[in-house]
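Below is one structure, written out as structure tokens; comments come after it.
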Amino acid sequence: MQTPNRRSFLFIAAAAAASLAGCSAEAGVKPPSDAAEFATERLSQQGTFRVSYTADGPIPVGRLHTWKLHIARADGSPVTDATVAVDGDMPEHRHGLPTRPRVTRHLGGGDYLVEGVKFQMGGWWVMDFDITAGGRAERVRFNLRLKK
Ligand SMILES: [Cu+2]
């Protein structure tokens, strides 16, 4: 059994190692090996929403940009009245986004403007969209691999 002192020592040691490395990898967390996990169109957890995203060209590193999210039901009909929460992080590095992107506009036809997206480094990122519409609340997760 670990004493609190030993646990806090380990925590401090890990934090020191992480800051030395700048952004250290967490053991055991690996990006998905299945290329389909990196698709730009995915179903939400329970399969209710079919969601895709586009950006203006290749997704940049270190620059604010916008995404356009398209939300449909599984049959392809657009969802025009969704509430969307956005979050993202680098699971290997245990840090999140440097900004708080959010949906700022409903563009109609199931399209939503996401402003304030910025990735501060290359590597494996996940973007989670929590979508609420028609009495359903489900998350869709996109995996991205950005060039450094
Ligand atoms: Cu990182």
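Which residue out of LYS148, LYS118 is touching a Ser or Thr at 6+ places or on another chain (Cβ under 7 Å), within 16 Å of the ligand (Cβ to nearest atom) and not hydrophobic (A, V, I, L, M, F, W, C)?
Values: LYS148 fails: touching a Ser or Thr at 6+ places or on another chain (Cβ under 7 Å).
It is LYS118.
So in segment 88-105, with the set limited to residues that are assigned to a strand (DSSP E or B) and buried (at least 16 other Cβ atoms within 10 Å of the Cβ), which one is farthest from the ligand (Cβ to nearest atom)? I'd like the intermediate steps shown before the answer.
The first filter runs over segment 88-105 and keeps only residues assigned to a strand (DSSP E or B), leaving 88-90, 95-96, 102-105.
After this cut, where a residue has to be buried (at least 16 other Cβ atoms within 10 Å of the Cβ) as well, the list is 88, 90, 103.
Details: GLY88: 11, MET90: 4, VAL103: 24 Å.
My answer is VAL103.
Report whether or not GLY47 is assigned to a loop (DSSP other than H, G, I, E, B), at positive phi and in contact (Cβ under 8 Å) with a residue 24 or more places away in the chain. Lay out the reasoning, then the answer.
Details: assigned to a loop (DSSP other than H, G, I, E, B): yes; at positive phi: yes; in contact (Cβ under 8 Å) with a residue 24 or more places away in the chain: yes.
Criteria met by GLY47.
Would you confirm, using the coordinates I've provided, whether LEU69 is modelled with pLDDT of 95 or more, among the hydrophobic types (A, V, I, L, M, F, W, C), closer than 20 Å to ALA55 by Cα and more than 11 Å from the ligand (Cβ to nearest atom)?
On the way: modelled with pLDDT of 95 or more: yes; among the hydrophobic types (A, V, I, L, M, F, W, C): yes; closer than 20 Å to ALA55 by Cα: yes; more than 11 Å from the ligand (Cβ to nearest atom): yes.
The answer is yes for LEU69.
When you go through (1) at pLDDT 95 or above; (2) farther than 13 Å from MET121 by Cβ; (3) in contact with a strand residue (DSSP E or B) (Cβ under 8 Å, 6 or more places away or on another chain) one by one for ASP56, which number turns out not to apply?
It fails just one condition, (1).
Looking at GLY88, GLY62, which one is closer than 19 Å to GLU37 by Cα and either hydrophobic (A, V, I, L, M, F, W, C) or touching a residue at least 12 places away in the same chain (Cβ under 8 Å) (or both)?
On the way: GLY62 fails: closer than 19 Å to GLU37 by Cα.
Within the list GLY88, GLY62, the selection yields GLY88.
The values are calculated or read from the model by the stated rules, or taken from the named source; none is laboratory data. Everything quoted here is computed from the prediction, not taken from an experiment. Positions of Cβ are generated from backbone atoms using ideal geometry, with glycine treated the same way; all protein chains shown enter the neighbour counts.
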